[in-house]
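Report on the following structure.
The values are calculated or read from the model by the stated rules, or taken from the named source; none is laboratory data. Just so you know, these numbers come straight off a predicted model, no measurement behind them. All Cβ positions, even for glycine, are placed from backbone atoms using ideal geometry, and neighbour counts span all protein chains on display. Side chains included, ligands, DNA and RNA excluded: accessible areas come from the protein's heavy atoms. Shrake-Rupley method; radii C 1.70, N 1.55, O 1.52, S 1.80 Å.
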Amino acid sequence: MTPYDATPTQESLRATALTDGLGRRVNYLRVSVTDRCDLRCVYCMAEHMRFLPKAEVLTLEELDRVASVFIGLGVRKIRLTGGEPLVRKGILTLIERLSRHLASGALDELTLTTNGTRLAAFAGDLARLGLRRVNVSMDTLDADLFRRLTRGGDLAQVQAGIEAAQAAGLAVKINAVALARDNAAEIPALIRWAHERGHGLTLIETMPMGEIDEDRTDQFLSLTALRQELASYWTLRDLPLNTGGPARYVEIAETGGRLGFITPMTHNFCEGCNRVRLTCTGTLHTCLGQEDATDLRAVLRAGADDADLIRAIAGGVDLKPRGHDFRIDRGSAPSVARHMSTTGG
Ligand code: SAM
Ligand code: SF4
């Protein structure tokens, strides 16, 4: 198979920009390149996960083709995620292909979210291929807790990955899921650790996605309450930065660093949502918190030309729901049946 070569022209961009039925412009695509992962974070996966057969997962060529059609439709930013994107065989080949859209100016940014376990090995290549920044997930500075939360992960390996990324010239943002029982007391130290090293840090409320082994209710930590607590001893200044997603940012005067809050459970910023998600099986989800889905793999594998794919994508985006419907009070029962690792966080 040959890689898909289309590079969108300015004319095609104007003609076909993606807008949903409520008039929201969609210009950000998250692509889950695999459902597999070398960790088993307790809030994300069950201990024993059954992963997808290879035939169900889009090939690198298929991923490139669909992503390139999205770029033709005006998507300006792509984030690769998973599962763990750096465990996908051939990930650098995919990144290299997608980077032609950076070179042509059709894409503003190509980036990824990683658990960092393989970042030390990949950082140099990622920087060489045009990535400017990466998000690395790290919920604690305590090696034992890290091992427990990830069911076996090695914190030192992740921190070496963060250092390698920084040495390669990549900006690093740390993502941490706020967990009432596990890391709540440690969050100020985590923020200080990140800011001392020049990294931003974003806190995420746990979202009820997929069956896991724990009850999420008693792990849920409201970031609204946490923010109030931080503001009792730090000076938080709201930043106007809005990436079209659920994150809101402040600068902490005392640390000089940026702190983000992703609060899908206590706030809903869906009216400005600019993003859609493509799973590794080629399913388009236009909302992380709803079951809506468009099967692009079936269209692709039926021998679709670009016009067919564009029709399918535009049809799915047109139906993008007004907003999510997450509720934490369902205990361990998920609001959305699919795991975060399948949809791509
Ligand atoms: N494996 C990569 C990683 O961990 O960064 C990328 C995929 S992971 C699904 C993306 C992000 O989703 C991570 O920051 C992770 O902490 C977060 N995440 C996973 N499950 C979640 C959940 N149930 N609620 C909130 N965030 C979750
Ligand atoms: Fe893997 Fe990321 Fe999910 Fe953790 S959060 S299990 S690292 S996909």
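So the values come out like this:
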| quantity | calculated |
| --- | --- |
| Exclusive hit being away from ligand 2 (no atom under 14 Å from the Cβ) and open to solvent by 10 Å² or more (accessible area, probe 1.4 Å), set Leu60, Leu29, Leu18, Leu52 | Leu60 |
| Every residue from region 81-94 that is out of contact with any helix residue (DSSP H, G or I) (no Cβ under 7 Å at 6 or more places or on another chain) and surrounded by 18 or more Cβ atoms within 10 Å (Cβ to Cβ) | Thr81, Glu84, Val87, Arg88 |
| Test result for Ser104, closer than 30 Å to Gly74 by Cβ, among the small types (Gly, Ala, Ser), touching a residue at least 12 places away in the same chain (Cβ under 8 Å) and away from ligand 1 (no atom under 15 Å from the Cβ) | yes |
| Evaluation of Ala106 against (1) among the aliphatic types (A, V, I, L, M); (2) in a loop (DSSP other than H, G, I, E, B); (3) open to solvent by 40 Å² or more (accessible area, probe 1.4 Å) (one fails), failing number | (3) |
| Among the candidates Asp139, Asp144, residue that is free of Cβ contacts under 8 Å to residues at least 12 places away in the same chain and either surrounded by fewer than 23 Cβ atoms within 10 Å (Cβ to Cβ) or charged (D, E, K, R) (or both) | Asp144 |
| Residue under evaluation Asn242, criteria (1) open to solvent by less than 30 Å² (accessible area, probe 1.4 Å); (2) at pLDDT below 75; (3) within 19 Å of the chain's Cα centre (by Cα), criterion not met | (1) |
| Wholly enclosed strands (runs of 3 or more DSSP E) of region 169-252 bearing at least 1 residues farther than 30 Å from Ala120 by Cα | 236-238 |
| Selection count where residues are without any contact (Cβ under 8 Å) to a residue 60 or more places away in the chain, touching a helix residue (DSSP H, G or I) at 6+ places or on another chain (Cβ under 6 Å) and open to solvent by 30 Å² or more (accessible area, probe 1.4 Å), scope region 260-304 | 2 |
| Region 177-198 residues that are open to solvent by less than 20 Å² (accessible area, probe 1.4 Å), paired with ones that are within 16 Å of ligand 2 (Cβ to nearest atom) and assigned to a loop (DSSP other than H, G, I, E, B) (beta carbon under 6 Å, 6 or more apart) | Val177/Tyr43; Val177/Asp139; Val177/Thr206; Asn183/Asp139; Asn183/Thr140 |
| Residue within region 117-133 that is open to solvent by less than 10 Å² (accessible area, probe 1.4 Å) and more than 20 Å from the chain's Cα centre (by Cα) present | no |
